[in-house]
């Protein structure tokens, strides 16, 4: 396992240099997206008016407070990614996104665009919103405020993480490895019990 401190946007070479199990800490810009944002972009065909080339997207619907014309983060937690799985390929292919931060993982189908286009899934510890929020220096932009809180968010982050590379551009998938090991152990337990 290697440790990396990277600044966004990420290049394809940087992403292809990461392996499942590596630890990543991010600086720079991270974009917040969630179901409603992605449905608007892909199912409703509305273009995001921001350049997402090399971007890292965080699956979130943050709790924020409006102060004047700006938003301040109150709690920026990460939501479960699987229900947004179908948008992984389009985010990479159409917008050039390089990384997705979430919890719970994505399906094996998402490995295909990660491998073909150069992308990674970065797992964050669930329930760590308090820490995660302190790693957000500012909310620099928001689009589609009518979707609040599932808008498209632009966060400036410093030291976001540590994040674990859970799915990489080489087909590595920690979720599949854990499931495989659990199934092997379960079979061993059943065998010892004579079942």
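The values are calculated or read from the model by the stated rules, or taken from the named source; none is laboratory data. Small disclaimer: the values here were computed from a predicted structure and weren't measured. So basically every Cβ, Gly included, is an ideal-geometry build from the backbone, and we count neighbours across all protein chains shown.
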Residue check for residue 92: in contact with a strand residue (DSSP E or B) (Cβ under 6 Å, 6 or more places away or on another chain) and touching a residue at least 24 places away in the same chain (Cβ under 8 Å) = no
Within region 98-107, is even one residue more than 20 Å from residue 67 (Cβ to Cβ), surrounded by fewer than 17 Cβ atoms within 10 Å (Cβ to Cβ), without any contact (Cβ under 8 Å) to a residue 24 or more places away in the chain and within 15 Å of the chain's Cα centre (by Cα)?
-> no
Residues 61, 20: which one is assigned to a loop (DSSP other than H, G, I, E, B) and closer than 21 Å to residue 129 by Cα?
-> 61
Looking at this structure, is residue 21 surrounded by 13 or more Cβ atoms within 10 Å (Cβ to Cβ) and under 15 Å from residue 165 (Cβ atoms)?
-> yes
Would you be able to tell me the number of residues in region 100-134 that are in a helix (DSSP H, G or I) and on the phi > 0 side of the Ramachandran plot?
-> 1
Filtered residues of region 136-175 (kept if part of a helix (DSSP H, G or I) and either surrounded by fewer than 17 Cβ atoms within 10 Å (Cβ to Cβ) or at pLDDT 95 or above (or both)) = 145, 146, 147
Quick check: anything in region 72-79 surrounded by 17 or more Cβ atoms within 10 Å (Cβ to Cβ) and at pLDDT 95 or above?
-> no
Quick one: in region 24-42, which of the residues that are in a helix (DSSP H, G or I) and within 15 Å of the chain's Cα centre (by Cα) is surrounded by the fewest Cβ atoms within 10 Å (Cβ to Cβ)?
-> 35
Taking region 5-42 and keeping only residues that are out of contact with any helix residue (DSSP H, G or I) (no Cβ under 9 Å at 6 or more places or on another chain) and farther than 24 Å from residue 158 by Cβ, one is left with 19
